[in-house]
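Worksheet: one structure, shown below.
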Amino acid sequence: MKIWINGRLFDEDQAMVSVFDSGFVLGDGVWEGLRVASGQPAFLEPHLDRLYATAKAIMLDVGLSREELSQAIEQTIAANQLIGDAHLRVMVTRGRRRQPYQDPRLALGSATVVIVPALSPHDPAAARRGLDLFTVHVRRGSPDVQDQKINSHSKFNCIMACIQANQAGADEALMLDPRGFVATCNSTHFFIVRSGEVWTSAGGYCLGGITRGNVLALCREQGIEAFEKDFSLTEVYGADECFVTGTLGGITPVRQVDGRRLPGPVPGALTEKLQSLYAELLQKDVARRQQ
């Protein structure tokens with residue numbers, strides 16, 4: 001793979017950043033994951049909106065205009081001949097520091113921008129089987145501790161959640177908020193279906209997911225009742241269907257939560273309908289970019 005770093009493409013074994021880089025020494029930076037479909041970065045505009053908004057929130061100058069960064073993304077896709085089943089990780093850090101300490105004034109003044117491509121082939125059988133989730137003890141933090149709306153390089157709480165889920169033999173960790181309500185998964189957003197209604201968390205303790213937002217918009221367009229609300233594990237255990245959303249996987253059904261199997265087929269009828277609607281939306285976005 002060819003890695004884009006600060007305006008240049010490097011072979012993987014030559015792609016390097018300084019050991020004094022802010023992202024390496026402190027996790028000081030923001031990032032976006034982009035899905036590549038039919039050779040195009042899907043839903044690029046909302047991803048860039050989120051990247052630049054969070055960079056602004058932490059007083060980080062990306063150093064590139066949206067147009068320049070879009071061109072870099074397109075250049076990386078072309079250099080690696082990416083068509084589908086691929087994604088990009090766009091990372092922006094505060095750049096090299098004079099010393100490995102917290103004070104952002106130690107940064108030397110220019111951001112480090114890295115775009116890493118990867119092939120990510122989907123396993124249709126795994127998607128049909130559905131995911132197994134496990135509720136972990138690691139909570140999503142409140143905004144005064146670590147604001148979950150910032151997609152920062154500092155993801156250690158999610159890593160700890162993932163470790164616990166792995167040890168439990170699950171595919172993904174289900175995480176609660178500080179009050180004990182369901183928040184999100186460690187790398188995806190969580191939805192349940194009850195009596196024909198689609199529920200997801202109130203959103204105060206999770207990232208503003210692009211796919212999450214698209215699913216809620218599709219529900220509104222199709223007349224499907226969808227709610228962002230607080231709900232407990234008891235309501236999860238009694239759900240008719242569950243699914244998760246994410247940039248790369250789109251909509252993926254859930255088979256069981258904490259060892260409790262969902263009652264119906266996987267995917268459930270409403271999950272399957274939303275999967276079809278989302279696939280159409282994705283293709284429309286790609287077709288628009290190809291014009």
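The values are calculated or read from the model by the stated rules, or taken from the named source; none is laboratory data. Treat the numbers as computed from the prediction; the structure is a model and nothing was measured. Here the Cβ is made from the backbone with ideal geometry for all residues, glycine too, and neighbour counts use every protein chain on show.
Among the residues examined, ALA53 qualifies as at pLDDT 95 or above, under 23 Å from SER154 (Cβ atoms) and small (Gly, Ala, Ser). Residues in region 117-158 that are part of a helix (DSSP H, G or I), within 16 Å of the chain's Cα centre (by Cα) and surrounded by 13 or more Cβ atoms within 10 Å (Cβ to Cβ): 2 in all. Note on region 23-57: residues that are within 19 Å of the chain's Cα centre (by Cα) and in contact (Cβ under 8 Å) with a residue 40 or more places away in the chain amount to 23.
Exactly one residue among ARG94, ARG89 is within 25 Å of GLN146 (Cβ to Cβ), touching a Leu at 6+ places or on another chain (Cβ under 6 Å) and not aromatic (Phe, Trp, Tyr), and that residue is ARG94. Selection of first residues in region 180-198 that are among the acidic types (Asp, Glu) and of second residues that are part of a strand (DSSP E or B), restricted to Cβ pairs under 8 Å at least 6 apart or on distinct chains, gives the following pairs, ordered by first then second residue: GLU197/ALA226; GLU197/PHE227.
One line per residue, one yes/no per condition, for (1) loosely packed, with under 15 Cβ neighbours inside 10 Å; (2) over 21 Å from the mean Cα position of the chain (by Cα); (3) not hydroxyl-bearing (Ser, Thr, Tyr):
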residue	(1), (2), (3)
ARG220	yes, yes, yes
ILE224	no, yes, yes
SER232	yes, yes, no
PRO267	no, yes, yes
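Every residue, every condition in (1) within 29 Å of VAL145 (Cβ to Cβ); (2) hydrophobic (A, V, I, L, M, F, W, C); (3) not assigned by TED's automatic domain parsing to the domain that holds LEU34, yes or no:
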| residue | (1), (2), (3) |
| --- | --- |
| ARG212 | yes, no, yes |
| ARG220 | no, no, yes |
| GLU225 | no, no, yes |
| PHE231 | yes, yes, yes |
| VAL244 | yes, yes, yes |
| ASP258 | yes, no, yes |
| LYS273 | no, no, yes |
| LEU277 | no, yes, yes |
| LEU281 | no, yes, yes |
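Does region 273-287 contain any residue that is surrounded by 14 or more Cβ atoms within 10 Å (Cβ to Cβ), farther than 22 Å from PHE43 by Cβ and not aromatic (Phe, Trp, Tyr)? Checked against the condition, which is being surrounded by 14 or more Cβ atoms within 10 Å (Cβ to Cβ), farther than 22 Å from PHE43 by Cβ and not aromatic (Phe, Trp, Tyr), region 273-287 yields no hits at all.
Criterion applied to ARG98, ARG94 was being touching a residue at least 60 places away in the same chain (Cβ under 8 Å) and exposed (fewer than 13 other Cβ atoms within 10 Å of the Cβ), and the one residue passing it is ARG98.
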